[in-house]
Number of protein chains: 2
Amino acid sequence: MRIAELDTPALLVDLDALAGNLSRVASYAKEHGFRLRPHTKTHKTPEIGRMQLDAGAVGLTVAKVGEAEAMAPAQSPDLLLAYPVWGQRKLERLMAVARQTQVTVSLDSLEVAQALSDAARQAGLTIGVLVEENVGMDRTGLAPGASLVSLARQVQGLPGLNLLGLHFYPGHIWPPHADYDAQFARSGALLAQACDDFRKAGLPLEIVSGGSTPTLFRSHEMKDLNELRPGTYVFNDCDMVASGFCGWEHCAAAVLVTVVSTPRPGFAIVDGGTKTFSSETVPDAAGTSWGRIVEDPAVKFYMKNEEHGYLDLREASLDVKIGDRLRIIPNHICVTVNLHEKMYGIRGDAVEQVFTVAARGKLQ
Amino acid sequence: MRIAELDTPALLVDLDALAGNLSRVASYAKEHGFRLRPHTKTHKTPEIGRMQLDAGAVGLTVAKVGEAEAMAPAQSPDLLLAYPVWGQRKLERLMAVARQTQVTVSLDSLEVAQALSDAARQAGLTIGVLVEENVGMDRTGLAPGASLVSLARQVQGLPGLNLLGLHFYPGHIWPPHADYDAQFARSGALLAQACDDFRKAGLPLEIVSGGSTPTLFRSHEMKDLNELRPGTYVFNDCDMVASGFCGWEHCAAAVLVTVVSTPRPGFAIVDGGTKTFSSETVPDAAGTSWGRIVEDPAVKFYMKNEEHGYLDLREASLDVKIGDRLRIIPNHICVTVNLHEKMYGIRGDAVEQVFTVAARGKLQ
């Protein structure tokens, strides 16, 4: 099949760029001796999870039990549920997953640990646990100190659980920010503090798991860190380019759209809006941008409704007519993928692979 | 089944509130003699489309051919595709729909009209056409004047098409804006101008179709308007309350979430973020809000990531612990529904009906 035969909107994945992205991060992890356990929330597709494993990942990360279930065909030897799972039905489903593969859960409360222990014990299974530290994101996770150590000790005492170490997510550190270096140093210091506490308390640090995509290539500056869980790096997006993590050539995913209206000179409407891209914006030099037009980045994607994308071509050299097709790199690829049933793996003009986004909408 | 048995996040629909919303708008339409052709993009569910028809709608509106296909079980006698459909495959699929029900398309270009005419002629069908006017939204649609009249005349000359009148969308008129009245008057004047042009040119005005939810109850102030296409009114949301269209009691849909972490005093994390609600925000008096907590609106929903909702309870009387469940009214329900596979129709504590969101993700 050729790209020209696809109907729009369609989510295209450049297979060579994808392979390059997998290799780029796997090489970094290998060079610095990191375990790589990529977060599959970006692609939600077992075939791509398998590619990550084949490129050297030791396991995969998911946020929801439904994502873990959908990832089964990847045959990962190991899954991290990087989320405080709660509820009897979810725990039962998680135990079914854990019968097929080693499962680890990150958590920040005794309540979640206790319920997980009960489920593991009843199932006759052992579930790995990472206790989550807050290194400045102020989301889930406990600040370093007595509460964190105490939770880890309590986890050690619960049957069916195997405490493996620490988990954190430095998603608040965003390189373009003026205080990026200071934030990075502060998070590193908080992590070092918790690790020191763990060592003093005789608690395991077999796994110290962190790493988001924007900060990824500085991971070796973080003492004690030994596992990376990047998600977005498989495809990248406008956010990742803005963060300095990658260039446009590393953006492997783009939405193919069609011009459906040219109602006024200099303006065009395409057949993708917030239901195709989601509604995250990126502030750029020229104002707020809703995505980057591959064919001519001077075209301004200045507004979206649910099914309409608004383009301003007045400062662009590109001219368009109804029926023309454009590729648009989303601002945030993770939420875009979640809106699509299929992704089309391309090389040149050929569609070589059709991916079903198996974990799309798996909210539970 | 009881609500307590549902896993979270789960999208709840209060069936009584839904019925009240359907009746409220149907009564207004009847009182003022409007045709009501509701936009199904909000619920994407044929059962609810059927309820709209049973409440007095003359037909249904969709934005995509895939939505039209998914709406088939509603057995609507009439469908409006309120979108400039383009592409051979989409047109073939639309003709298959048109063999089952009367189809009308709104469009703003000769290119789209010509391709639609070719498809209709080949299929031996007649497709209704509304020519789209721009009444200030600056999206699709032509300004009133010679181009609009000329397009309508050309449509009249194309085989397989039946020009029925005018289409517009006043989605730019948002009651909280300071110039709401002026915007409304300006759009009304633009519509009147196009209608006068049509009359002078002997063009049909059998259907003059407009109306978005926020402006709905002022539709009778718009001369010549005879058809309404509201979408959001079935469920309503924080946006609609902010616009003054309705009260909180008219918000029929809410997402049931679970508290999964209480990492710091005064803060909690729930198991729904941008992949559960989408990322539209509503500016409110206290800052930007990401949704309204039904149990205690003083709880501030101040931030979202993909699977995390951040609550600030410091100024609320509500206290929460891990495992507690809350209902959150989304800012924009149309994009929220599109993220869910199912909706749960409730009365009191009982789940009385499970809806499959059949048109979820039907982007093409």
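The values are calculated or read from the model by the stated rules, or taken from the named source; none is laboratory data. Given the structure is predicted, the values throughout are model-derived calculations rather than measurements. Note: ideal-geometry Cβ built from the backbone for every residue, glycine included; neighbour counts use all protein chains shown.
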remark   = For A:I346, the lone unmet condition from (1) within 14 Å of chain B (Cβ to nearest Cβ); (2) surrounded by 22 or more Cβ atoms within 10 Å (Cβ to Cβ); (3) aliphatic (A, V, I, L, M) is (1)
key: Every pair of residues 6+ apart whose Cβ atoms lie under 9 Å, when the first sits in region B:17-46 and is on the phi > 0 side of the Ramachandran plot and away from chain A (no Cβ under 14 Å) while the second is part of a helix (DSSP H, G or I) and not polar (S, T, N, Q)   = B:G33/B:H220
remark   = If you go through A:F267, A:F301, the only one that is touching a Gly at 6+ places or on another chain (Cβ under 7 Å), among the aromatic types (F, W, Y) and under 20 Å from A:D324 (Cα atoms) is A:F301
ask   = If you go through region A:308-341 one residue at a time, how many are touching a strand residue (DSSP E or B) at 6+ places or on another chain (Cβ under 6 Å) and within 18 Å of A:M71 (Cα to Cα)?
value = 1
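Every residue in region B:74-95 that is assigned to a strand (DSSP E or B) and either within 11 Å of another protein chain (Cβ to nearest Cβ) or buried (at least 23 other Cβ atoms within 10 Å of the Cβ) (or both), please. Walk me through how you get there before you give the answer.
Step one: list which residues in region B:74-95 are assigned to a strand (DSSP E or B), which gives B:78-81.
Scanning region B:74-95 gives B:L79, B:L80, B:L81.
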message = Of everything in region B:239-293, what is facing chain A (nearest Cβ under 8 Å) and among the aromatic types (F, W, Y)? Give them in sequence order.
response = B:F267
request  = Confirm whether B:D54 is surrounded by fewer than 21 Cβ atoms within 10 Å (Cβ to Cβ), within 14 Å of chain A (Cβ to nearest Cβ) and free of Cβ contacts under 8 Å to residues at least 24 places away in the same chain.
outcome  = no
query = Would you pick out the residues in region A:120-148 that are buried (at least 21 other Cβ atoms within 10 Å of the Cβ) and not in a loop (DSSP other than H, G, I, E, B)?
reply = A:A120, A:I127, A:G128, A:V129, A:L130, A:V131, A:E132, A:E133, A:L142, A:L148
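Is it the case that region A:162-178 has a residue that's in contact with a Phe, Trp or Tyr (Cβ under 6 Å, 6 or more places away or on another chain) and touching a residue at least 40 places away in the same chain (Cβ under 8 Å)? Talk me through it step by step, then tell me what you get.
In the first step, residues of region A:162-178 are kept if they are in contact with a Phe, Trp or Tyr (Cβ under 6 Å, 6 or more places away or on another chain); the result is A:173.
Now restrict to residues that are touching a residue at least 40 places away in the same chain (Cβ under 8 Å): A:173.
The answer is yes, given that some residue of region A:162-178 is in contact with a Phe, Trp or Tyr (Cβ under 6 Å, 6 or more places away or on another chain) and touching a residue at least 40 places away in the same chain (Cβ under 8 Å).
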note = Within region B:324-356, residues over 25 Å from A:N338 (Cα atoms) and either part of a strand (DSSP E or B) or touching a residue at least 40 places away in the same chain (Cβ under 8 Å) (or both) come out as B:D324, B:I346, B:R347, B:D349, B:A350, B:V351, B:E352, B:Q353
query = Out of all the residues in region B:10-31, is one or more assigned to a loop (DSSP other than H, G, I, E, B) and either among the β-branched types (V, I, T) or farther than 19 Å from B:T232 by Cβ (or both)?
reply = no
request  = Give the residue, chosen from B:A253, B:A192, that is on the phi < 0 side of the Ramachandran plot, in the same structural domain as B:Q52 (by TED's automatic domain parsing) and not basic (K, R).
outcome  = B:A192
remark   = The residue that is surrounded by the most Cβ atoms within 10 Å (Cβ to Cβ), considering only those in region A:295-323 that are touching a residue at least 60 places away in the same chain (Cβ under 8 Å) and facing another protein chain (nearest Cβ under 10 Å), is A:I322
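Inside region A:160-206, can you point out the residues that are closer than 24 Å to A:I127 by Cα, part of a loop (DSSP other than H, G, I, E, B) and aliphatic (A, V, I, L, M)? First the steps, then the outcome.
Initial filter on region A:160-206 (closer than 24 Å to A:I127 by Cα): A:160-169, A:191, A:194-195, A:197-199, A:201-206.
Then keep just the ones that are part of a loop (DSSP other than H, G, I, E, B); that gives A:160, A:168-169, A:201-206.
Within region A:160-206, A:A201, A:L203, A:L205 qualify.
Check region B:310-318 and report whether any residue there is closer than 20 Å to A:V85 by Cβ and in contact with a Phe, Trp or Tyr (Cβ under 8 Å, 6 or more places away or on another chain).
For region B:310-318, residues closer than 20 Å to A:V85 by Cβ and in contact with a Phe, Trp or Tyr (Cβ under 8 Å, 6 or more places away or on another chain): present.
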ask   = Would you say A:S212 is hydroxyl-bearing (S, T, Y) and within 30 Å of A:R327 (Cβ to Cβ)?
value = yes
task = Answer yes or no: is there a residue in region B:149-158 that is assigned to a helix (DSSP H, G or I), more than 12 Å from chain A (Cβ to nearest Cβ), in contact with a helix residue (DSSP H, G or I) (Cβ under 7 Å, 6 or more places away or on another chain) and surrounded by fewer than 20 Cβ atoms within 10 Å (Cβ to Cβ).
result = yes
request  = Among residues belonging to region A:324-343 that are closer than 28 Å to B:A115 by Cβ and more than 11 Å from chain B (Cβ to nearest Cβ), point out the one that is nearest to the chain's Cα centre (by Cα).
outcome  = A:M343
task = Please verify whether region B:214-222 includes one or more residues that are surrounded by fewer than 21 Cβ atoms within 10 Å (Cβ to Cβ) and not assigned by TED's automatic domain parsing to the domain that holds B:Q52.
result = no
